[in-house]
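**Student:** I have a structure I would like to understand better, so I am pasting it below and will then ask my questions one at a time.
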Amino acid sequence: MLKQFRSVKHADVRLGRLTILVGPNGSGKSNVLDALRLVAESLNTSLDQALRNRGGVGEVRRRSQGHPTHFLIDLEFTGTDEIPGVTDDDEVVWGARPFGGRYSFEVAAVAGGGYRVSKESCRVDDAFFEVVGGALKRTSEAVMPPANDQRLYLVSAAGLPAFLPVFEGLAGITVFSPVPDIIRQPQTPDLGDFLVRDGANLASVLQRLERTESGRKTKARIEEYLRVIVPGMQGVRREALGQWETLQFSQEVAGGTAPWRFPAQSVSDGTLRALAVLTGLFASTGSLRGPIGIEEPENALHPAAAAVLMDALREASERRQVIVTSHSADLLDRDDFSPDEILAVRSVAGETVVGALEPGGDLALRERLYTPGELLRRDQLLPVERSGDPQ
């Protein structure tokens, strides 16, 4: 649930394994993803840094009549944690432990452009804490770290085993918006543990995949999809350039006896974006696979490649939650969508409305009368207002 976040006054939505946020340009689709990204950034760096990256709390809380001074992010979640066990032969084996709970925090603006965490709470299984005004009010644990109103308490609480899976799952949220011009530039190598938002370290991530058998299988799957999206494409690998690195592609060329090799500078925007999206979808790390968000993955792709991209999104959603923003009828032009996978987004008088499809669109999809793409072309993917009346 979101309240007073950017253009969202109130949104209470359910995100499934695969969720497509569909709406016109400027409707606020990216703001929904940005709320998830803010959670991850706040846990990985600090709340202060996450707010500064967005221009301060004044740019995050919704601007409207009545001047709301706070915003709220409230998440209900389920997940699976990997836990060690020991067999009778003293062999360590790993098992899965399901967990579920809720985490929320409210940030209030204060005079002078500052902020404070006015409320924060977490519940996972039987463990819980509640912080109000920078003071710990309630908790299930015997010993807890001190709290203050300038940072999220979950960062400190993650030192306790009960809250660590929540921290890891939420900190593992990733939202991608690959930038081809940045991917083309030679980059300083890094560990490649995770793909950054703009795809800059794509070469390092692919190099990391080459180091293990499971990673090589993942890379082969990425290249398999890429070959379908880009006919003639054979593969891609990291290429060292002194202290820098870049990408090198191999592709069949008419009359050639062997694939020709091309640097990233000679490859189209669509190919680079497709590679980054596929890598973000499949090259996950860690025992907890946090949700992944992708902003308009179909950008710069030929319409015929949309079906292949949709297949990749579906396959990835079998292992981790996938949330996508789109206004592409080509991406949605297939009859295997459930209405539960589509969230319609509209801007009404400057307010973002996010919700399930209104009854007519819901029925059309359930009865397979139209594809979501056909409804989008007719401008018939509309959300239900919170009151339950069609918007």
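**Student:** Need the failing condition index for Glu298 against (1) part of a helix (DSSP H, G or I); (2) surrounded by 18 or more Cβ atoms within 10 Å (Cβ to Cβ), just the number.
**Tutor:** For Glu298, the exception is condition (1).
**Student:** I'd like the full set of residues that are crowded, with 18+ Cβ neighbours inside 10 Å, of a type in the set (S, T, N, Q) and within 13 Å of Ser27 (Cα to Cα), limited to the stretch 320-357.
**Tutor:** Thr325, Ser326, Thr352
**Student:** I need the full set of residues from the stretch 119-128 which are part of a strand (DSSP E or B) and either over 26 Å from the mean Cα position of the chain (by Cα) or closer than 12 Å to Arg102 by Cβ (or both), in order please.
**Tutor:** Glu120, Ser121, Cys122, Arg123, Val124, Ala127, Phe128
**Student:** Hey, another quick one. Looking at the stretch 8-46, which of its residues are surrounded by 21 or more Cβ atoms within 10 Å (Cβ to Cβ) and over 16 Å from the mean Cα position of the chain (by Cα)?
**Tutor:** Within the stretch 8-46, Val8, Ala11, Gly23, Ser27 meet the criteria.
**Student:** Moving on. What's the number of the only condition in (1) in contact with an Asp or Glu (Cβ under 9 Å, 6 or more places away or on another chain); (2) surrounded by fewer than 17 Cβ atoms within 10 Å (Cβ to Cβ); (3) not aliphatic (A, V, I, L, M) that Gln243 fails to meet?
**Tutor:** Status for Gln243: all satisfied but (1).
**Student:** Further question: Among (1) over 17 Å from Leu202 (Cβ atoms); (2) surrounded by 24 or more Cβ atoms within 10 Å (Cβ to Cβ); (3) in contact with a Gly (Cβ under 6 Å, 6 or more places away or on another chain), there is one condition Gly293 misses while meeting the rest; what is its number?
**Tutor:** (3)
**Student:** Just wondering, is there one or more residues in the stretch 131-154 that are β-branched (Val, Ile, Thr), within 15 Å of Glu76 (Cα to Cα) and surrounded by 22 or more Cβ atoms within 10 Å (Cβ to Cβ)?
**Tutor:** Checked against the condition, which is being β-branched (Val, Ile, Thr), within 15 Å of Glu76 (Cα to Cα) and surrounded by 22 or more Cβ atoms within 10 Å (Cβ to Cβ), the stretch 131-154 yields no hits at all.
**Student:** Here's something else I'd like to know. Please give the number of the condition Gly388 fails out of (1) modelled with pLDDT of 90 or more; (2) assigned to a loop (DSSP other than H, G, I, E, B); (3) farther than 30 Å from Ala171 by Cβ; (4) not hydrophobic (A, V, I, L, M, F, W, C).
**Tutor:** (1) is the only condition that Gly388 fails.
**Student:** I've got another one for you. I need every pair where a residue in the stretch 264-278 that is closer than 20 Å to Lys219 by Cβ and surrounded by fewer than 24 Cβ atoms within 10 Å (Cβ to Cβ) has its Cβ under 8 Å from the Cβ of a residue that is basic (Lys, Arg) and at pLDDT 90 or above, sequence separation at least 6 or different chains.
**Tutor:** Taking only residues 6 or more apart or on different chains, the pairs are Ala264/Arg184; Val267/Arg184.
**Student:** Please indicate, with yes or no, whether at least one residue in the stretch 380-391 is among the aliphatic types (A, V, I, L, M), touching a Gly at 6+ places or on another chain (Cβ under 7 Å), surrounded by 14 or more Cβ atoms within 10 Å (Cβ to Cβ) and under 17 Å from Glu296 (Cβ atoms).
**Tutor:** Yes, the stretch 380-391 contains a residue that is among the aliphatic types (A, V, I, L, M), touching a Gly at 6+ places or on another chain (Cβ under 7 Å), surrounded by 14 or more Cβ atoms within 10 Å (Cβ to Cβ) and under 17 Å from Glu296 (Cβ atoms).
**Student:** Another question, then. For the stretch 85-105, does any single residue satisfy the condition of being assigned to a strand (DSSP E or B), under 19 Å from the mean Cα position of the chain (by Cα), basic (Lys, Arg) and at pLDDT 65 or above?
**Tutor:** Within the stretch 85-105, one or more residues are assigned to a strand (DSSP E or B), under 19 Å from the mean Cα position of the chain (by Cα), basic (Lys, Arg) and at pLDDT 65 or above.
The values are calculated or read from the model by the stated rules, or taken from the named source; none is laboratory data. Small disclaimer: the values here were computed from a predicted structure and weren't measured. Here the Cβ is made from the backbone with ideal geometry for all residues, glycine too, and neighbour counts use every protein chain on show.
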